[in-house]
Structures are given as structure tokens and as C-alpha cells.
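**Q** One structure follows; several queries about it will come next.
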There are 2 protein chains.
Amino acid sequence: MQKPGLPKGTRDFGPVKMARRNFILNTIKDTFQLFGYQQIETPAMENLNTLTGKYGDEGDQLLFKILNSGDFLKKVESKDIEAGPLATLPKVSEKGLRYDLTVPFARFVVMNRNELTFPFKRFQIQPVWRADRPQKGRYREFYQCDADVVGTDSLVCEAEIILMIRRVFSQLKLNDYDIKVNNRKILTGISEAIGEAGKEAPLCVAIDKMDKIGWEKVKIELAERGFADQSVEKLEPLVNLDTDLEGKISFLKEFLASSEVGLKGVAELEEMIIILGQMGANLDHVDFDILLARGLSYYTGAIFEVKVNGVSIGSVSGGGRYDNLTGVFGLEGVSGVGFSFGVDRLYDVLEELDLFPAESLDGTQILLIHFDQKGLDYALSVLPKLRNAGIKAEIYPDSAKIKKQFDYATKKGIPFVGICGDVEIENRMLALKNLESGNQESMSIEQVIDSVKKN
Amino acid sequence: MQKPGLPKGTRDFGPVKMARRNFILNTIKDTFQLFGYQQIETPAMENLNTLTGKYGDEGDQLLFKILNSGDFLKKVESKDIEAGPLATLPKVSEKGLRYDLTVPFARFVVMNRNELTFPFKRFQIQPVWRADRPQKGRYREFYQCDADVVGTDSLVCEAEIILMIRRVFSQLKLNDYDIKVNNRKILTGISEAIGEAGKEAPLCVAIDKMDKIGWEKVKIELAERGFADQSVEKLEPLVNLDTDLEGKISFLKEFLASSEVGLKGVAELEEMIIILGQMGANLDHVDFDILLARGLSYYTGAIFEVKVNGVSIGSVSGGGRYDNLTGVFGLEGVSGVGFSFGVDRLYDVLEELDLFPAESLDGTQILLIHFDQKGLDYALSVLPKLRNAGIKAEIYPDSAKIKKQFDYATKKGIPFVGICGDVEIENRMLALKNLESGNQESMSIEQVIDSVKKN
């Protein structure tokens, strides 16, 4: 008899984990909807020609490929095997599993461009799959949770992203966090200002490692990437800049005076701040991080990244503005801005800070228990009254020792037990026991409903 | 430039379809939770040794297999290719995509048997994948929506399944449908009573085709399957039985008088009806169908199937009791009862009957529109007030012609538009236009909140 197991890097979500994940996902979903974003879903499988070439060579290798159904060897000859997997792959596989939600979204926009209403605000919460080496906190199947608005350049969208992040965090009772913001144009401007115009891509890659390896090693990397010593020197005042938002902005206006695009970036940042003010919002949690780059050359405007302070977990949210979502599929000029929440990381943060509310379990509120057949019969008659009042209610379905029934409630985290003893049956009542406080009181069904609802 | 497409048999769900699907799924989910079922999720991928051999030879062929990552040809030799796909498969693939939710659930129960609280009531709503030939209403990726309770033989569970089905249908405003119920033991009893003991499996297979091919052809099939003429003759009064529930039960008590198991089946059915009565429920929509078999030899007790009348769509829900969920994974004695909803079919039914409520879209309730920068600025200041009141609200993010902004609201199905003209700005009001009725009235923000909420 086989002993069943799970594929490496995948997980089951049992009832408690599932309820906690739903608590996070529902919070995010409610927020997206409050801001007018609409949910879509795309298939788990995409044609390989939709996926390959979009994530770099490394990404292509991490795609899970699906074997063609039927005789998958149909097109394969011995010489293919000798030529190796790269030559054989196109003959045995035409489909792969979704690697992220961005490429499927781009495909969706292109295929539905005539039906969609632009600006199109969509969110998408689905698993993605990557054949990465599994390790702590890194899985081969994990959920992504993306929101994007495409078809507008309005900086209102950027301001709203900040508001959405703040709403989600406030609902999750997370108070100590930073929303780091920057603008890709500022990074481009910096590369111009230091005399290395056009080299913002390697500049970003190196700067992105600042947190991990520090300025001294970034300097070495910049030199290796062909940055002149005097250029790197010009960066120094920026790296050492220790001032507030306004200070940073006035510094940059001078530093970037010679760079049109750099000044544009600063202006965009300022406009976003003005819009936040018009919406009655302050700059709490907003941290202008001039060196924030997020590795991706993909972004062309605003860049966001959110970190929770005091925990050992990396960024839990991030995103930015892009110019060209769909060019790779032949549709030019679709610009937009998007961000995503890392659900697994948010889960770990809430767990580490012990912030999951007990009621987030969304489970049964009361279990009816009984001593004998008469009690079971009575419990059956009470049950629909509770459920009709909207109370999540269960009956212990078998005749069993009362301790076993109590254990069931305790293990399942059910807060109340309704005991159906002879006295209660006679008076059409329940003995309601609060399993946390230990209090027990006999009361009418109406009173039970009130007590359970009030909890 | 490539023109992007979708893999055969898969679908995107755009905003409207998605909202409608969520309307159905949330109704089902709420009902499961009201009855104490807890949600779990399992990975999309399972080890092939978990999946193969569980769905018959045909099922094995319909499994989507995942190519091993890295050099998937590592273990393959030329002679494997010559030996064909069956010989090569184990060398290139170790994982497959979930084919249903039952086998992953069985694996989950076995792997977590020491942590779970029994009776364990779980529900699971996830996509499954089958390499079936795509056709109308049949997809290669579709959602299943299962609820099972394992670890109890109590017929309370069967009664509650009927109540859950009725609650879901009532919430979906579906009124004309039948919940067909039967019991596998009755079918076993019938095979005994007609003198073909032990042949209930082929009997069920043939009887299951009654709806499709009719009694005359079922008779031929039974003969082909080795049933004696006189046995088939004995079935005749059953097939022609035209009476109500009580009539059927008294008929069966006589018909099955010689079959212990058959009488047990009738007794179980009667007890389920008694429990329904104790729970204050009538037998509305319940239809005892003595010939209901649902093809599956898997069931050992109650059998359910739900059909909506007046539509061209097959069964939308079904299930039954089983004795041995996990034996195949080495854990004996796990009995339970489960059922599932066919989400795609329910969607088609609601569409055919035009039962999707407009508010099921769960979309933006009001769009703020503006004539100029001053109006946009004002709209930005109003927006957070609406959202803080829980209203899903948007601003048209760009300066644009007023018609374009109205079009956006119309196309997105937004019921209200809040116009920010000079007079409104001066008086800190909005001109609220109901896009359905065409009514427009200037009012304070508080009045807007009331009006939108009341809608």
C-alpha cells in the first residue's frame, strides 16, 4: 500500500490556515472593490508561446510544462533525444502553468481589447507555479494577488494605490510599516546627472542590492559594470542623504537640474503627494526612497515597495507604473500601474505578530450536544432556528459520550456549546456554555441567538 | 508578432462572468459554513502515484501530466521511445494535475488523520483539469465544489445535505427542481430480489442509462450483461411503478422482503425522512427515485442527484454515501457522505432562466465625473467620504469629455454618477444621476450616501 505524499514545494491548507488566508484575501478583495477594481480569472494553463521569453532564460527554465495528452511521443525521433531536452521540448509539450499573473493579464487585455472599458481596473487572485528549488518561505505553488489599472496615465491611480495599501494594513491591524515610493524617471535622471546617461538599467540592478550588500560593495559592482569613479563619486551625496521628504525633493531638484526626465520624475512624485492631500490623506507610512529600484527594468514611473518593521520578512507588497504592458503581444501603447500583495508573506507577518483574530476562523459558532436519543431529537428541532437566524450551527451527529462531544467543540474552536438535557428539553431551552469563560446558563432559544450573535 | 490565444478547452473569466460565478460560489460557501463545513485547499499538482489507478484506465489517460523540470530526458533511452509513451511516461513525469477533489481529499485525510477532528466536515472549491475532448459545456479546466463529512454514519448528514441543497437553490431563486434520492442498498436489494444477487454493479450501470436510452434498450443491455429473462421480468413492476413516496416505500418493503440489505436501505431512507421532519422540514423537492444509480459503484448508502426542470441542462448537483474513502491509501474504515455542485451548469441554468440579479455584479456603485480640473479636484475630496461610508466608488481619473465619462459608467454597469459641476462645488454637493431611471438631483454628500446605499 502506497504512503501518500505531497509534491515537493507544495502545501495543503487545512481549515485553520485556510480561514486565516481567507481573512487576508477577503480584506484585500474588499479593498480592491471599494476602489472600483473588478476581478478576473485566467486559466492555469497557457500556451507555451504565450509564456516563454517573457521571464528571461531563468524564468523559462522555471516554467512547469505540461506533457501533450495522448501519444506525447508522436513527433519525437531518436535524434531529438540525442539533441537534448531543448530540442525535444517543443515536440512533447505545448502548454505550461501560469508563472505570474501579469503575462496572462496582458494576453487577456489583448484578446479582449474591443470589449473592455478603459481605463480597465482589474484584480486577480490566483495561484502561480514555479519550478524553483523549494526552501523556507519559497514554494512551487503560491498565490499572487495583483491589481492593475491600464489605459490611463493619471497619477490619481498611484495615490489610490497608497490608499489601498493603507486600508488593507489598517484592516489587518498592521501599524508599523513603510510604503517606500520612488520613480523610475528619477533613477534615469540620476544616471544622466552623474554622467552615465542610458545606463540606468545596470545602475538600478546595482542600487537594488544596497540593502543586502551595502554601499561599499555596490560601488565595486558599479565599477565592474563600467561606471567611472567620478560618476560613482557623484552618487555619494545621494546615498548619504539624510533628510525628510521635502528635503529630498529640494535636493533632487538641484541634483537633477540638468535632466529633464529626472525633473519629470520629481514632478510626478510631487503631484501624487498633492493628490493624496486633495483626498484628505496625510503622508503617514509614506517613505520617499530615492534609491528604491525593485530590480525590474519594466517600470517607467512610480515604484512602490512595502516593508513591515520589526519582523524578519521581506517586502509584502510592491508595484509600479509601466508604459508597455502588451507590446510583446502586438498591442502598443497600453500603459498602466499595478501592485500586488504577497499573501504568504502577509500570512507569516500576521502569525509572527500574533494578529490573527480568533473570529477570523469564520467557523461554527455553536455546537448542540445531547445525552441520549431524546436530546438528539430535541437538538435537531432547535438547529434550524439557529441557522435561520444566521448562526453557523452544528449538531454532534452521533450518540456519543458527552466528553467526546465537548472535545469536538474544543478542537474545532467552536466558542459555544448548547446542551440539550432533560430540564432544557422540558422548558424548550438550551444550557448555553461559553467554552472560553466556562460560564453556563440555561436560556430560551431567542436568548441563545442573542448571546451567540453578541459574542 | 504572435497573436495570443487560449489553450483548447480553457476559458478566461472577465469581470461580469467572474462576478456572477462569485455570486454562485459565495451562496454555496455561505451555506456550507452555516452547516459547519470548513474549507480546505490542496495543491493543483499531485504525485502521479496518488492519481493514477483511481479513475479507471480512461481517467488515467485524461490526466494532465507535468514534465519533470530540468533535463527531463535524463532517464530516457532510445529504447524507451521505441517502447512507446506508456514506457516513457514514468521517466519524464512524476506529477499530474488534480483530476477531481475526492482523491486529493482522501490523501489529505490520510496524511492529517492524527490532527483532524472527526467527524470532519470539509468543503473545497477549486479547479480540476481533464484532457477530455472539449465540447459545448465541457471544458479542460473547470471548478468543482465539494462538501463531505467523514467519520460518521449518522443519517443526520444525509438530511442536512438535502437542507443545504434547498438553501442554495432558494438563495439562487431557483424554484422548479427535483432532489432525486435513492439508496445503493435498495439497488443491491433489488438485484437480490430478482435473483441476480451480487450483480448490482452491472444492474446499476444499465439502469443508469434509463433516462437516456429508455427501458426497452436497458432490457437488451441487461440481457447482454447476463441477466436472465425472468429476472428482467421481475424488474418490470418497479420500472412501471407510478406512485408517491409512501407508495414506493410500501411497495419496496414487500418487493425486498427477502433481502436484508434491501430492507436496510429502505429503513435508512425512512430515517432520513424522519430526521428531516424533526428538523421542521417538509419533503418539498424531494423525489424518491428507486432507479437512481449515478453510475458509480463507489456509493454504498444514500444517493442524490439534482435536476432543474424546464432547462436543457443535466444534473447540477449530486453525491452519496461511501464506506471507504481512503482504503486505497492504506487507511480503512473512513466512511462518509458527500455531494457537490456543478458550478458551470448552475451558471448556465441561471443564465438560461435570467436569474442573475443585477446587484450580483458587486461592482462600483458610483462614479464621480467632472468638467475640468476644478471639478476633478473637488471629486478627489468627495471620494474618500463615500468610501469611508462603505460605498464602492470611483473617480474618472483623467480629464475627459463628459460623454466619455458617462460611457465608462454605462459600460461598467455603474448605477450612479456623481456630477461635480460648478454649482455643486460651490454648495459642497453632488448632482446624483441614476443611470437607470435617468433621474438627476443635486444633494449633499450625506444624502448621496443614503441614496446610493438604499438602491
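The values are calculated or read from the model by the stated rules, or taken from the named source; none is laboratory data. Treat the numbers as computed from the prediction; the structure is a model and nothing was measured. With ideal geometry, Cβ positions are generated from the backbone for all residues, glycine too; neighbour counts draw on all protein chains shown.
**Q** Looking at this structure, is residue B:268 charged (D, E, K, R) and in contact with a Gly (Cβ under 7 Å, 6 or more places away or on another chain)? Show your work before the answer.
**A** Numbers: charged (D, E, K, R): yes; in contact with a Gly (Cβ under 7 Å, 6 or more places away or on another chain): yes.
Yes; evaluated as a whole, the condition is true for this residue.
**Q** Here is a list: A:117, A:88. Which entry is within 9 Å of chain B (Cβ to nearest Cβ) and part of a loop (DSSP other than H, G, I, E, B)?
**A** Working: A:88 fails: part of a loop (DSSP other than H, G, I, E, B).
Going through A:117, A:88 in turn, just one is within 9 Å of chain B (Cβ to nearest Cβ) and part of a loop (DSSP other than H, G, I, E, B): A:117.
**Q** On to the next question. Could you please give the count of residues in the range A:429-455 that are closer than 23 Å to residue A:358 by Cα and touching an Asp or Glu at 6+ places or on another chain (Cβ under 7 Å)?
**A** 1
**Q** A follow-up question, please. Looking only at residues in the range A:128-154 that are among the basic types (Lys, Arg) and assigned to a loop (DSSP other than H, G, I, E, B), which one is modelled with the lowest pLDDT? Show your work before the answer.
**A** In the first step, residues of the range A:128-154 are kept if they are among the basic types (Lys, Arg); the result is A:130, A:133, A:136, A:138, A:140.
Filter once more, so that each one left must be assigned to a loop (DSSP other than H, G, I, E, B): A:130, A:133, A:136, A:140.
Values: A:130: 96, A:133: 92, A:136: 84, A:140: 96.
Residue satisfying both the conditions and the ranking: A:136.
**Q** Filter the range A:364-411 down to the residues that are of a type in the set (D, E, K, R) and in contact with a strand residue (DSSP E or B) (Cβ under 8 Å, 6 or more places away or on another chain) and list them by number.
**A** As a first pass, look at the range A:364-411 and keep what is of a type in the set (D, E, K, R): A:372, A:374, A:377, A:385, A:387, A:392, A:394, A:398, A:401, A:403-404, A:407, A:411.
Matches in the range A:364-411: A:387, A:392, A:394.
**Q** List every residue pair whose Cβ atoms sit under 8 Å apart, with the two residues 6 or more apart in sequence or on different chains, where the first one lies in the range A:65-85 and is closer than 18 Å to residue A:51 by Cβ and the second, anywhere, is small (Gly, Ala, Ser) and surrounded by 11 or more Cβ atoms within 10 Å (Cβ to Cβ).
**A** Here the result reads A:65/A:93; A:65/A:96; A:66/A:93; A:66/A:96; A:67/A:93; A:67/B:93; A:68/A:93, each pair linking the range A:65-85 to a residue that is small (Gly, Ala, Ser) and surrounded by 11 or more Cβ atoms within 10 Å (Cβ to Cβ).
**Q** Tell me which of these residue A:214 doesn't satisfy, since it passes every other one: (1) surrounded by 15 or more Cβ atoms within 10 Å (Cβ to Cβ); (2) at positive phi.
**A** With respect to (1) surrounded by 15 or more Cβ atoms within 10 Å (Cβ to Cβ); (2) at positive phi, residue A:214 is out only on (1).
**Q** In this structure, is residue A:139 more than 30 Å from residue A:46 (Cβ to Cβ) and touching a helix residue (DSSP H, G or I) at 6+ places or on another chain (Cβ under 8 Å)?
**A** No, not satisfied.
**Q** Among the residues in the range A:97-111, are any touching a Lys or Arg at 6+ places or on another chain (Cβ under 6 Å), within 8 Å of another protein chain (Cβ to nearest Cβ) and crowded, with 21+ Cβ neighbours inside 10 Å?
**A** No, because not a single residue in the range A:97-111 is touching a Lys or Arg at 6+ places or on another chain (Cβ under 6 Å), within 8 Å of another protein chain (Cβ to nearest Cβ) and crowded, with 21+ Cβ neighbours inside 10 Å.
**Q** In addition: Give me the pairs: first residue in the range B:385-397 and over 21 Å from residue B:372 (Cα atoms), second residue assigned to a loop (DSSP other than H, G, I, E, B), beta-carbon distance under 6 Å, and six or more apart or on different chains, which are they?
**A** B:391/B:365; B:392/B:364; B:392/B:365
**Q** Do you know which residues across the range B:44-64 are outside any helix (DSSP H, G or I), at the interface with another protein chain (Cβ under 8 Å from one of its Cβ atoms) and either buried (at least 23 other Cβ atoms within 10 Å of the Cβ) or in contact with a helix residue (DSSP H, G or I) (Cβ under 6 Å, 6 or more places away or on another chain) (or both)?
**A** Going through the range B:44-64, the residues outside any helix (DSSP H, G or I) turn out to be B:44-47, B:52-55, B:63-64.
This time we only want the ones that are at the interface with another protein chain (Cβ under 8 Å from one of its Cβ atoms), so: B:44-47, B:64.
Within the range B:44-64, B:44, B:45, B:46, B:64 qualify.
**Q** Is it the case that the range A:219-237 has a residue that's at pLDDT 90 or above, closer than 30 Å to residue A:283 by Cα, of a type in the set (Gly, Ala, Ser) and in a helix (DSSP H, G or I)? Give the derivation first.
**A** Looking only at the range A:219-237, we keep the residues that are at pLDDT 90 or above, and these are A:219-237.
With closer than 30 Å to residue A:283 by Cα added as a condition, the list becomes A:234-237.
Now drop any that are not of a type in the set (Gly, Ala, Ser), which leaves none.
No.
**Q** Oh, and also: So is residue B:378 touching a residue at least 40 places away in the same chain (Cβ under 8 Å) and in the same structural domain as residue B:313 (by TED's automatic domain parsing) or not?
**A** Details: touching a residue at least 40 places away in the same chain (Cβ under 8 Å): yes; in the same structural domain as residue B:313 (by TED's automatic domain parsing): no.
No: the conditions fail for residue B:378.
**Q** Given the residues A:190, A:186, A:179, A:161, which is the only one that is under 30 Å from residue A:333 (Cβ atoms) and under 14 Å from the mean Cα position of the chain (by Cα)?
**A** Working: A:190 fails: under 14 Å from the mean Cα position of the chain (by Cα); A:186 fails: under 14 Å from the mean Cα position of the chain (by Cα); A:179 fails: under 14 Å from the mean Cα position of the chain (by Cα).
Testing whether each residue is under 30 Å from residue A:333 (Cβ atoms) and under 14 Å from the mean Cα position of the chain (by Cα) leaves just A:161.
**Q** OK, next. What are the residues in the range B:141-155 that are of a type in the set (Gly, Ala, Ser) and within 9 Å of chain A (Cβ to nearest Cβ), if any? Give the steps one after another, and end with the answer.
**A** First, pick out the residues of the range B:141-155 that are of a type in the set (Gly, Ala, Ser): B:147, B:151, B:154.
Result: B:154, single match.
**Q** From A:340, A:315, grab the single residue that is among the polar types (S, T, N, Q), in contact with a Gly (Cβ under 9 Å, 6 or more places away or on another chain), in contact (Cβ under 8 Å) with a residue 24 or more places away in the chain and assigned to a loop (DSSP other than H, G, I, E, B).
**A** Values: A:340 fails: assigned to a loop (DSSP other than H, G, I, E, B).
From the options A:340, A:315, the qualifying one is A:315.
**Q** Next up: Quick check on residue A:363: is it touching a Lys or Arg at 6+ places or on another chain (Cβ under 8 Å), assigned to a loop (DSSP other than H, G, I, E, B) and either modelled with pLDDT of 95 or more or within 13 Å of chain B (Cβ to nearest Cβ) (or both)? Spell out how you get there, then give the answer.
**A** Numbers: touching a Lys or Arg at 6+ places or on another chain (Cβ under 8 Å): yes; assigned to a loop (DSSP other than H, G, I, E, B): yes; either modelled with pLDDT of 95 or more or within 13 Å of chain B (Cβ to nearest Cβ) (or both): yes.
Spelling it out, residue A:363 is indeed touching a Lys or Arg at 6+ places or on another chain (Cβ under 8 Å), assigned to a loop (DSSP other than H, G, I, E, B) and either modelled with pLDDT of 95 or more or within 13 Å of chain B (Cβ to nearest Cβ) (or both).
**Q** A further question on this structure: Say whether the condition of being surrounded by 20 or more Cβ atoms within 10 Å (Cβ to Cβ), touching an Asp or Glu at 6+ places or on another chain (Cβ under 9 Å), among the polar types (S, T, N, Q) and in contact (Cβ under 8 Å) with a residue 60 or more places away in the chain is met by at least one residue in the range B:281-299.
**A** Among the residues of the range B:281-299, not one is surrounded by 20 or more Cβ atoms within 10 Å (Cβ to Cβ), touching an Asp or Glu at 6+ places or on another chain (Cβ under 9 Å), among the polar types (S, T, N, Q) and in contact (Cβ under 8 Å) with a residue 60 or more places away in the chain, which makes the answer no.
**Q** So which residues in the range A:134-172 are basic (Lys, Arg), out of contact with any Pro (no Cβ under 8 Å at 6 or more places or on another chain) and over 30 Å from residue A:262 (Cα atoms)?
**A** Pass one, the range A:134-172, residues basic (Lys, Arg): A:136, A:138, A:140, A:166-167.
If we keep only those that are out of contact with any Pro (no Cβ under 8 Å at 6 or more places or on another chain) as well, we get A:136, A:138, A:166-167.
Answer for the range A:134-172, where residues must be basic (Lys, Arg), out of contact with any Pro (no Cβ under 8 Å at 6 or more places or on another chain) and over 30 Å from residue A:262 (Cα atoms): A:136, A:138, A:167.
**Q** Scanning for something part of a loop (DSSP other than H, G, I, E, B), under 18 Å from residue A:56 (Cα atoms) and touching a helix residue (DSSP H, G or I) at 6+ places or on another chain (Cβ under 8 Å), does the range A:93-106 turn up at least one residue?
**A** There is at least one residue in the range A:93-106 that is part of a loop (DSSP other than H, G, I, E, B), under 18 Å from residue A:56 (Cα atoms) and touching a helix residue (DSSP H, G or I) at 6+ places or on another chain (Cβ under 8 Å).
**Q** Kindly establish whether residue A:361 is more than 30 Å from residue A:449 (Cβ to Cβ), surrounded by fewer than 21 Cβ atoms within 10 Å (Cβ to Cβ) and in contact (Cβ under 8 Å) with a residue 60 or more places away in the chain. Before the answer, list the steps.
**A** Numbers: more than 30 Å from residue A:449 (Cβ to Cβ): no; surrounded by fewer than 21 Cβ atoms within 10 Å (Cβ to Cβ): yes; in contact (Cβ under 8 Å) with a residue 60 or more places away in the chain: yes.
So residue A:361 fails the test.
**Q** On to the next question. Take the range A:8-36 and flag every residue that is facing another protein chain (nearest Cβ under 9 Å) and under 30 Å from residue A:329 (Cα atoms).
**A** Selection gives A:33, A:35, A:36.
**Q** Then there is this: Quick check, is residue A:346 outside any loop (DSSP other than H, G, I, E, B), modelled with pLDDT of 90 or more, under 30 Å from residue B:171 (Cα atoms) and more than 10 Å from every other protein chain (Cβ to nearest Cβ)?
**A** On the way: outside any loop (DSSP other than H, G, I, E, B): yes; modelled with pLDDT of 90 or more: yes; under 30 Å from residue B:171 (Cα atoms): no; more than 10 Å from every other protein chain (Cβ to nearest Cβ): yes.
The answer is no for residue A:346.
**Q** Return only the number of the condition from (1) surrounded by fewer than 22 Cβ atoms within 10 Å (Cβ to Cβ); (2) not in a helix (DSSP H, G or I) that residue B:181 does not satisfy.
**A** (1) is the only condition that residue B:181 fails.
**Q** Could I ask something else about it? Please list, ordered by residue number, the helices (runs of 4 or more DSSP H) wholly in the range B:369-455 having 3 or more residues that are surrounded by fewer than 17 Cβ atoms within 10 Å (Cβ to Cβ) and within 14 Å of chain A (Cβ to nearest Cβ).
**A** Of the helices (runs of 4 or more DSSP H) lying wholly inside the range B:369-455, those with at least 3 residues that are surrounded by fewer than 17 Cβ atoms within 10 Å (Cβ to Cβ) and within 14 Å of chain A (Cβ to nearest Cβ) span B:373-388, B:402-411.
**Q** Take the range A:23-33 and flag every residue that is under 16 Å from residue A:338 (Cα atoms) and either of a type in the set (Val, Ile, Thr) or surrounded by fewer than 23 Cβ atoms within 10 Å (Cβ to Cβ) (or both). Give the steps one after another, and end with the answer.
**A** Looking only at the range A:23-33, we keep the residues that are under 16 Å from residue A:338 (Cα atoms), and these are A:28-29, A:31-33.
Across the range A:23-33, the qualifying residues are A:28, A:29, A:31, A:33.
**Q** Of everything in the range A:322-357, what is under 22 Å from the mean Cα position of the chain (by Cα) and of a type in the set (A, V, I, L, M)? Give them in sequence order.
**A** A:325, A:337, A:343, A:346, A:349, A:350, A:353, A:355
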